[in-house]
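Comments concern the structure below.
A short reminder: the numbers here are calculations on the coordinates, not readings from a lab. If you're wondering where the values come from, they're calculated on a predicted model, not measured in any experiment. With ideal geometry, Cβ positions are generated from the backbone for all residues, glycine too; neighbour counts draw on all protein chains shown.
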Amino acid sequence: MNSSLTLPMTTGVKLIIILSVVACLKSCSSNAALTGGAGKTGASPGASSTPGAEGPRSGTSSDSAQRGANEKEPGGLNQGNNGKGPGAISKNSDIGVEGEDGSQLDGLPGSGGAPGGQNPVNDMLIKNDPQFKNLNTEQFVVDAKTTKKPLDLIIALDTSGSMGEEAVKVQQNLTVLTQLFSKEVGLDYHIWVMAGRTTLPGSDPLKVTSLNQSIGSNDALNHFTNFLNGGIPTTVPIRANTQKAFIVITDDNAEDVTAQSFIATLQADPRFKDKTSFNGLVWLDGVSKESPTCTQAAPGVVYAEIAKAKETLGAVYDLCADNWNPLFVDLGKRLVQQTVTLEYKLKQKADPAGGFAVGVNGSKIDPASFKYDESLNAIVFTEGKAPAVGSNVVVGYKPLSI
């Protein structure tokens, strides 16, 4: 017996069998390549057009599959995201985030999510913030598939005698808004203009409704309220579940209605609470300057106060600006941003009383920027406060005890 073989008999037999099989495979593979497949003696090498020439086809398929896996070709096993291509996340996946319209937002592994740990952008926040330390955390990245709420915009133009030049500027710049809105993918909007008999040349009647309602120097707020309650006839009624926006254009101030009472009226009505923007082109003390085309009746103090309130997400602009085009562009962009909504459905049922925290790109954000919707078990970002596309977001909450 050969002294180099010291394995037990059973192991030696297995080794001989394995070596024999390997040798046979090498020999069989070589023969198949030369003959074009078993039983096809005489076939030209690689003659795949020959019926039954399965040898080369089988080898090619195997090599291609291996290349697909190693080179990460589309569908390769190493492609990521279960072979669905870059960034593809299946619906209801562990790390997928569902938008309000059912679209998917790119997910990131987080606490209770797929393996991989936390996103480094938010690691320090989670580690050092006292609130986050005591909460379960989940993370996601905001993608472009956020949704836009429909926008209902109501404009009240002071039709008193001193506002003739401003009426012309409204006519000239209203198309700035409509063109900007029309370019926004997924934005459904409608504009109502209360301006007496002021005509709106070039406006799309399907998108802009002119209301023959005169607006006095001091009563724009009353007309807004009246319109919302159905007191002003219109062929196109204001819609439910839309983002609302007001624009008042006047050289005077409100009377009979205070800023606080108007805001309280909006906040008391679920149709408008936290979903209404108030904006003004008014006389601003210290900013506006009289000219032959712009005079002051009174500073628009009440309108400015409403616009600057946190409940109304608004802005005020100088009525006496020479060029209104950039003002309307800025205003239009603000209104579009306010229609963007975002919700993140939590993986575990949250304790509504357990506290919530949200961080964006490593910084904790104001709790007023989001709310917890118990019916959806989701963090919903306030209209106009949704993080920008590409933001890394971490959500902290306490799971509900079972």
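Laid out as a table, the results:
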{"quantity": "Entries in K273/K347; K207/K345; K127/K371 that, when Cα-Cα distance is taken, lie over 25 Å", "calculated": "K273/K347; K207/K345"}
{"quantity": "Kirkwood Rh, angstrom, segment 211-279 [1 / mean 1/r, Cα pairs]", "calculated": "12.9"}
{"quantity": "Net charge dipole size for segment 134-223 [Lys, Arg +1 and Asp, Glu -1 on Cβ; Debye, nearest 20]", "calculated": "200"}
{"quantity": "Dipole magnitude of segment 312-357 about its Cα centre (Cβ charges: Lys, Arg +1; Asp, Glu -1), debye to nearest 20", "calculated": "400"}
{"quantity": "Extreme residue, positive dipole direction of segment 249-395, given options L266, V395, G332 (C-beta unit charges)", "calculated": "V395"}
{"quantity": "Overall form of segment 292-394 per C-alpha gyration tensor (a/c, 1.5; a/b vs b/c)", "calculated": "prolate"}
{"quantity": "Relative exposure of F272, F132, F246, F381, judged by other C-beta atoms within 10 Å (fewest first)", "calculated": "F272, F132, F381, F246"}
{"quantity": "Packing-based exposure ordering (other Cβ within 10 Å, fewest first) of D252, D351, D366", "calculated": "D366, D351, D252"}
{"quantity": "Using distinct alpha-carbon pairs, which all enter the 1/r mean, Kirkwood radius of segment 311-368 in Å", "calculated": "15.4"}
{"quantity": "Segment K273-L376, extension gain: residue separation times 0.36 nm, minus the distance between their alpha carbons", "calculated": "35.2 nm"}
{"quantity": "Where a label projected 7 Å from the Cα of T225 along Cα→Cβ would reach, residues of segment 266-295 with amide N under 11 Å", "calculated": "266"}
